[in-house]
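The values are calculated or read from the model by the stated rules, or taken from the named source; none is laboratory data. Computed from a predicted model, the values in this text were never measured in an experiment. Neighbour counts run over all protein chains shown; Cβ positions are idealised from the backbone, glycine included. Just the protein is used for accessible areas: all its heavy atoms, side chains included, with ligands, DNA and RNA removed. Shrake-Rupley method; radii C 1.70, N 1.55, O 1.52, S 1.80 Å.
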Amino acid sequence: MRILIYGAGVIGSLYASKFAKAGMDVTMYAKGQRLKELQEHGLWYRGKTGAHKVEVNAIGEIKPDDRYQFVFLTVGEKQVEAALEELKENTSPNIVMMANTLQPYRKWEKICGKGRILPAFPGVSGCMEGGILDAQLLPRTILPTTFGEIGGRRSNRQDVLAYIFKRSHIPYQIVPEMHHWQVSHLGVIVPMADAYRLSKCPERICADEKWMTLTAVRIKKNLRWIDEKRMLCPSKLYVIKSMPTGMLANLLSRTYQSELGHRLLYKYVMNSPDRFRQLHQELYGYMKMHSKERE
């Protein structure tokens, strides 16, 4: 099983380490200092007993005839178009696109070729420190790696990808329509990130009753709109949508003050405020546009 990881940041590095440890032939595409680190020192990650190394190939150029069964695209949304332009001449049939975007997948297919993209979302939390990966997979109950074919069809490659994740001990879920899942995901995450971004005291947001209530109201409002558009998924979001505001505010408070919430959301939001500002604009711009369509 030949796999290419396009992008050697936190997400790409974690999946590369998991696949390599499962015995797969893994190549990482990187640039600049990160490429030099991988070629000279290998891929290092921090585990329970210290730093460990896994063997991967590292390249800085993709040749058209260098064929992989799966290419995992793990760059930020701003780099997606350039990445697909580079990959369009390559003969690898499957591009697992792990981008947090509301842009239609058909737009990306126009660049790299119809039928090549398999939409996905990473279930990863962590950072890179001194060239060493310090990250982890998120629990299945929180956010497993999520993927599904465009339009919800079943496919053989979907089953093969599930096998790869299972063999690599990566929690995963298959959803009928990834675009619906992406909208639903942002409907919850954006208000939670907004609370951090806009609060005067983000490190103590869990104790701010007004912010917890306001965040609960915004999440419920988003989920009601998404449900009206028949896009709400997974099913557990129906429980959140129907939950009394006070109960949801209390649940949010406990989530914010948990170790996982701090590591997963607080650090990510505070280190990437511009990215979450952009996600806010994308979500509410999307909702506004589709509300006008209904009118």
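Condition check: charged (D, E, K, R) and in contact with a Gly (Cβ under 9 Å, 6 or more places away or on another chain). Does Lys88 satisfy that? For Lys88, the condition - charged (D, E, K, R) and in contact with a Gly (Cβ under 9 Å, 6 or more places away or on another chain) - is met. Once segment 211-235 is narrowed to residues that are within 20 Å of the chain's Cα centre (by Cα), surrounded by fewer than 19 Cβ atoms within 10 Å (Cβ to Cβ) and not hydroxyl-bearing (Ser, Thr, Tyr), the residue that is nearest to Met247 (Cα to Cα) is Pro234. Working only within segment 24-48, note down all residues that are outside any helix (DSSP H, G or I), in contact (Cβ under 8 Å) with a residue 60 or more places away in the chain and open to solvent by 10 Å² or more (accessible area, probe 1.4 Å). Listed by number, the residues that qualify are Met24, Trp44, Tyr45, Arg46.
Taken over segment 162-192, the criterion of being more than 17 Å from Lys221 (Cα to Cα), among the hydrophobic types (A, V, I, L, M, F, W, C), assigned to a helix (DSSP H, G or I) and in contact (Cβ under 8 Å) with a residue 60 or more places away in the chain is satisfied by Ile164, Met178.
Of the residues making up segment 252-269, those that are within 17 Å of the chain's Cα centre (by Cα) and either within 21 Å of Glu77 (Cα to Cα) or among the aliphatic types (A, V, I, L, M) (or both) are Leu260, Leu264, Leu265, Tyr266, Lys267, Tyr268, Val269.
The residues on offer are Ala51, Ala120, and the sole one that is in contact with a strand residue (DSSP E or B) (Cβ under 8 Å, 6 or more places away or on another chain), part of a strand (DSSP E or B) and either open to solvent by 20 Å² or more (accessible area, probe 1.4 Å) or hydroxyl-bearing (Ser, Thr, Tyr) (or both) is Ala51. Quick one: in segment 134-161, which of the residues that are in a helix (DSSP H, G or I) and within 15 Å of Met98 (Cα to Cα) is modelled with the lowest pLDDT? It comes out as Ile150. Listed by first and then second residue, the pairs with beta-carbon distance under 7 Å, at least 6 apart or on different chains, first residue in segment 234-254 and under 19 Å from Lys210 (Cα atoms) and in contact (Cβ under 8 Å) with a residue 40 or more places away in the chain, second β-branched (Val, Ile, Thr) and open to solvent by 40 Å² or more (accessible area, probe 1.4 Å), are Ala249/Thr213. For Arg275, the test of being surrounded by fewer than 17 Cβ atoms within 10 Å (Cβ to Cβ), modelled with pLDDT of 90 or more and either out of contact with any Leu (no Cβ under 6 Å at 6 or more places or on another chain) or part of a helix (DSSP H, G or I) (or both) is failed.
Restricting attention to segment 162-179, the residues that are loosely packed, with under 14 Cβ neighbours inside 10 Å and touching a Phe, Trp or Tyr at 6+ places or on another chain (Cβ under 8 Å) total 1.
Filter segment 193-210 down to residues that are part of a helix (DSSP H, G or I), open to solvent by 20 Å² or more (accessible area, probe 1.4 Å) and within 13 Å of Arg254 (Cα to Cα), then give me how many there are. Number of matching residues: 4.
Of all residues in segment 67-92, those satisfying the criterion of being open to solvent by 40 Å² or more (accessible area, probe 1.4 Å), assigned to a loop (DSSP other than H, G, I, E, B) and free of Cβ contacts under 8 Å to residues at least 60 places away in the same chain are Lys88, Glu89, Thr91. Scanning segment 1-23 for residues that are within 17 Å of the chain's Cα centre (by Cα) and assigned to a strand (DSSP E or B) gives Ile5, Tyr6. Residues of segment 241-249 include none that is at pLDDT below 95 and crowded, with 18+ Cβ neighbours inside 10 Å.
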